[in-house]
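K.L.:
I'd like to ask you about the structure that follows.
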Amino acid sequence: MKTDNPRTASAHTLVLTNGSIVLADRSVDDGMVIVREGRIEHAGRRRPRLPRGAQIIDARGGLIAPGFVDIHVHGGDGADFMDGTDDAVRTAIACHARHGTTTIFPTTTTGTTAQVAAMLAATARVQAAWQPAHGARIAGAHLYGPFFAADKVGCHRADGRRDPTRAEWESYFATGIVRIATCAAELPGAAEFYRAARRRGCLVTCGHSNATWAEMARGFRAGLRHVDHFWCAMSSVVSLRARCGTPMQASMEQFVLAEPGMSTEVIADGCHLSPELLRFAWLAKGAARLCLVTDSSRALDCPPGRYRFGPAANGEWFQHDGEVGRMPDGTGLASSTAGMDRMVRTMARATGAPLHEVIRMASLTPAECTGIAPECGSLAAGKRADVIVLDRGLRVRRVFVGGVALPAGAP
């Protein structure tokens, strides 16, 4: 048999063995994944006979899992997608692949129309020229900023937010790259935006919003189905009392928890949310409606220091302290500085959830939410061979995108 070779092409047959297979609904000990022509041929119990001439990948008693899917991510390795260059996009997708992300949705921040357009154009160019060796596969862009509420911009530049207009959002949708679309539900024009995004097959989301239950319900009727980073830059009963007075109003939190058709996401870096909140989110929504996201900035895999969030030219400054991004005045957090592997480790410790459910929240659930589950998100026959090998501490040891081996682990 051939020896392990990290330069193996996707056309070769790979066999990943000597580990536990993490399937969508269970883990299988002493499992095996067989990959042929870049697709999964078998994932389950170890077969006694191996394909002739196959390359053997020894999991060394670890876990063989589907590659992660990140639907909310801003950058890494010094690059932000809003830098608007092909080099920035390529740098960030290679960085996230090292952390086990094999499918990615580059995400906008607030900014000028020209800055958002440049980001979408660069993302589309890199997607068109993409090869597995380049890093995580771009499944589309997440149009996140600029349609935020003025009182919920968080670490984004406040002068880069605005209410949605048909002319602006149509210019972005016309690129064909947008697959996730966010708008604060209380903004004028939000319902029309949601309907337009839904017609284009986008996952329609609400984020950076101080919306009431009634505004969320109106959005839901227009196609809204997801809320970004739960408990972060979102309405609460307390924030709505300041906006609406009394009687106190139900918020995004109550609407999402009460409505079975809504999904949401958490940043499980250990800095944004306490273990109790992470466990509560899992118990309340379940693994099939809760996504793990990185929301990571350009400071991922970079030393502590001062960085810009969003465009390199004029994004807001933040301080990376080695664990998380913080606003310079100490008033709040400024995105995460961690990869999806850390989110998985933190979620596993915080919740005590079955391993297959933790992995699901980082793979199959976001794939289902965005409509790409037929191709990725789980180890199922016929899907793309986006496969990772983790050790028992949930650290990434091997990464395969379409059956092609990529560098793995933080530098």
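K.L.:
Do you know which of the residues in region 289-298 that are assigned to a strand (DSSP E or B) and in contact with a Phe, Trp or Tyr (Cβ under 9 Å, 6 or more places away or on another chain) is surrounded by the most Cβ atoms within 10 Å (Cβ to Cβ)? Explain how you work it out, then say what you get.
P.N.:
If we filter region 289-298 for residues that are assigned to a strand (DSSP E or B), which is where we start, we get 290-292, 296.
Now restrict to residues that are in contact with a Phe, Trp or Tyr (Cβ under 9 Å, 6 or more places away or on another chain): 290, 292.
On the way: LEU290: 25, LEU292: 30.
By that ranking, first place goes to LEU292.
K.L.:
Next question, about the same structure. When you look at ARG279, is it in a strand (DSSP E or B), within 20 Å of the chain's Cα centre (by Cα) and under 24 Å from PRO366 (Cβ atoms), yes or no? It would help to see each step written out before you state the result.
P.N.:
Working: in a strand (DSSP E or B): no; within 20 Å of the chain's Cα centre (by Cα): yes; under 24 Å from PRO366 (Cβ atoms): yes.
For ARG279, the condition - in a strand (DSSP E or B), within 20 Å of the chain's Cα centre (by Cα) and under 24 Å from PRO366 (Cβ atoms) - is not met.
K.L.:
Being farther than 13 Å from GLY189 by Cα and hydrophobic (A, V, I, L, M, F, W, C) is the filter here; which residues of region 143-179 pass it?
P.N.:
LEU143, ALA150, VAL153, CYS155, ALA158, PHE173, ALA174, ILE177, VAL178
K.L.:
Something else: Got a sec? Which of ASP329, ASP301 is at pLDDT below 95, surrounded by fewer than 23 Cβ atoms within 10 Å (Cβ to Cβ) and under 22 Å from LEU273 (Cα atoms)? It would help to see each step written out before you state the result.
P.N.:
Working: ASP301 fails: at pLDDT below 95.
None of the other options fit; the residue is ASP329.
K.L.:
A follow-up question, please. Among the residues of region 44-93, write down those that are under 16 Å from the mean Cα position of the chain (by Cα) and among the acidic types (Asp, Glu).
P.N.:
ASP70, ASP80
K.L.:
Next question, about the same structure. Filter region 201-224 down to the residues that are surrounded by fewer than 20 Cβ atoms within 10 Å (Cβ to Cβ) and among the charged types (D, E, K, R), then identify the one that is nearest to ALA150 (Cα to Cα).
P.N.:
So, considering only residues that are surrounded by fewer than 20 Cβ atoms within 10 Å (Cβ to Cβ) and among the charged types (D, E, K, R), the one nearest to ALA150 (Cα to Cα) is ARG218.
K.L.:
Consider only pairs whose beta carbons are under 6 Å apart and that are at least six residues apart or on different chains; among these, list those whose first residue lies in region 148-163 and is more than 20 Å from ALA313 (Cβ to Cβ) and in the same structural domain as SER239 (by TED's automatic domain parsing) and whose second residue is crowded, with 22+ Cβ neighbours inside 10 Å and polar (S, T, N, Q).
P.N.:
Qualifying pairs under 6 Å: ALA149/SER209; ALA149/ASN210; ASP151/ASN210; LYS152/SER209; LYS152/ASN210.
K.L.:
Let me ask something else about it. For HIS320, all conditions in the list (1) touching a residue at least 40 places away in the same chain (Cβ under 8 Å); (2) crowded, with 20+ Cβ neighbours inside 10 Å hold save one; what is the number of the exception?
P.N.:
(1)
K.L.:
Need the failing condition index for PRO411 against (1) surrounded by fewer than 23 Cβ atoms within 10 Å (Cβ to Cβ); (2) modelled with pLDDT of 95 or more; (3) outside the structural domain of GLY100 (by TED's automatic domain parsing); (4) not β-branched (Val, Ile, Thr), just the number.
P.N.:
It is condition (2) that PRO411 fails.
K.L.:
Please go through (1) touching a residue at least 60 places away in the same chain (Cβ under 8 Å); (2) in the same structural domain as ALA94 (by TED's automatic domain parsing) for GLY305 and return the number of the only condition it doesn't satisfy.
P.N.:
So the condition that GLY305 fails would be (1).
K.L.:
Out of all the residues in region 159-207, which are under 19 Å from the mean Cα position of the chain (by Cα) and not hydrophobic (A, V, I, L, M, F, W, C)?
P.N.:
ARG179, THR182, GLY201, THR205, GLY207 - these are the residues of region 159-207 that are under 19 Å from the mean Cα position of the chain (by Cα) and not hydrophobic (A, V, I, L, M, F, W, C).
K.L.:
Give the residues of region 160-200 that are in a helix (DSSP H, G or I), crowded, with 16+ Cβ neighbours inside 10 Å and of a type in the set (Asp, Glu), sorted by residue number.
P.N.:
GLU168
K.L.:
Could you tell me which of the residues PRO275, PRO311 is more than 17 Å from MET343 (Cβ to Cβ) and touching a Ser or Thr at 6+ places or on another chain (Cβ under 9 Å)?
P.N.:
Values: PRO275 fails: more than 17 Å from MET343 (Cβ to Cβ).
Going through PRO275, PRO311 in turn, just one is more than 17 Å from MET343 (Cβ to Cβ) and touching a Ser or Thr at 6+ places or on another chain (Cβ under 9 Å): PRO311.
K.L.:
Something else about it: List the helices (runs of 4 or more DSSP H) that sit entirely inside region 328-391 and contain at least 2 residues that are over 15 Å from the mean Cα position of the chain (by Cα) and outside the structural domain of ARG39 (by TED's automatic domain parsing). Walk me through how you get there before you give the answer.
P.N.:
On the way: elements: 340-351, 355-361, 364-369.
By residue number, 340-351, 355-361.
K.L.:
So which of THR102, THR109 is of a type in the set (Val, Ile, Thr) and in a loop (DSSP other than H, G, I, E, B)? Walk me through how you get there before you give the answer.
P.N.:
Details: THR102 fails: in a loop (DSSP other than H, G, I, E, B).
Result: THR109 is the single residue among THR102, THR109 that is of a type in the set (Val, Ile, Thr) and in a loop (DSSP other than H, G, I, E, B).
K.L.:
Here's something else I'd like to know. Just a yes or no: is a residue in region 244-253 in a loop (DSSP other than H, G, I, E, B) and of a type in the set (Asp, Glu)? Reasoning before the result, please.
P.N.:
Looking only at region 244-253, we keep the residues that are in a loop (DSSP other than H, G, I, E, B), and these are 245-250.
Right, trim to of a type in the set (Asp, Glu) and you get none.
Taking every residue of region 244-253 in turn, none turns out to be in a loop (DSSP other than H, G, I, E, B) and of a type in the set (Asp, Glu).
K.L.:
Continuing with this model, one more query. Any idea which residue in region 241-267 is surrounded by the fewest Cβ atoms within 10 Å (Cβ to Cβ), counting only those that are aliphatic (A, V, I, L, M) and touching a Lys or Arg at 6+ places or on another chain (Cβ under 8 Å)? It would help to see each step written out before you state the result.
P.N.:
First, pick out the residues of region 241-267 that are aliphatic (A, V, I, L, M): 242, 248, 250, 252, 256-258, 262, 266-267.
With the extra rule that they be touching a Lys or Arg at 6+ places or on another chain (Cβ under 8 Å), the set shrinks to 248, 256-257, 262.
Working: MET248: 11, VAL256: 22, LEU257: 15, MET262: 20.
Going through the qualifying residues, I end up with MET248.
K.L.:
So how many residues does region 54-89 have that are assigned to a loop (DSSP other than H, G, I, E, B) and either in contact (Cβ under 8 Å) with a residue 60 or more places away in the chain or buried (at least 24 other Cβ atoms within 10 Å of the Cβ) (or both)?
P.N.:
The first filter runs over region 54-89 and keeps only residues assigned to a loop (DSSP other than H, G, I, E, B), leaving 54, 59-62, 67, 74, 77-78, 84-85.
From what's left, either in contact (Cβ under 8 Å) with a residue 60 or more places away in the chain or buried (at least 24 other Cβ atoms within 10 Å of the Cβ) (or both): 59-62, 67, 74, 77-78, 84.
Count: 9.
K.L.:
Follow-up. If VAL126 meets every condition in (1) crowded, with 24+ Cβ neighbours inside 10 Å; (2) assigned to a helix (DSSP H, G or I); (3) among the β-branched types (Val, Ile, Thr) apart from one, which number is that one?
P.N.:
Among (1) crowded, with 24+ Cβ neighbours inside 10 Å; (2) assigned to a helix (DSSP H, G or I); (3) among the β-branched types (Val, Ile, Thr), the lone unmet condition for VAL126 is (1).
The values are calculated or read from the model by the stated rules, or taken from the named source; none is laboratory data. Remember, it's a predicted structure, so these values are computed and weren't measured experimentally. Here Cβ is always computed from backbone atoms with ideal geometry, including for glycine, and neighbour counts include all displayed protein chains.
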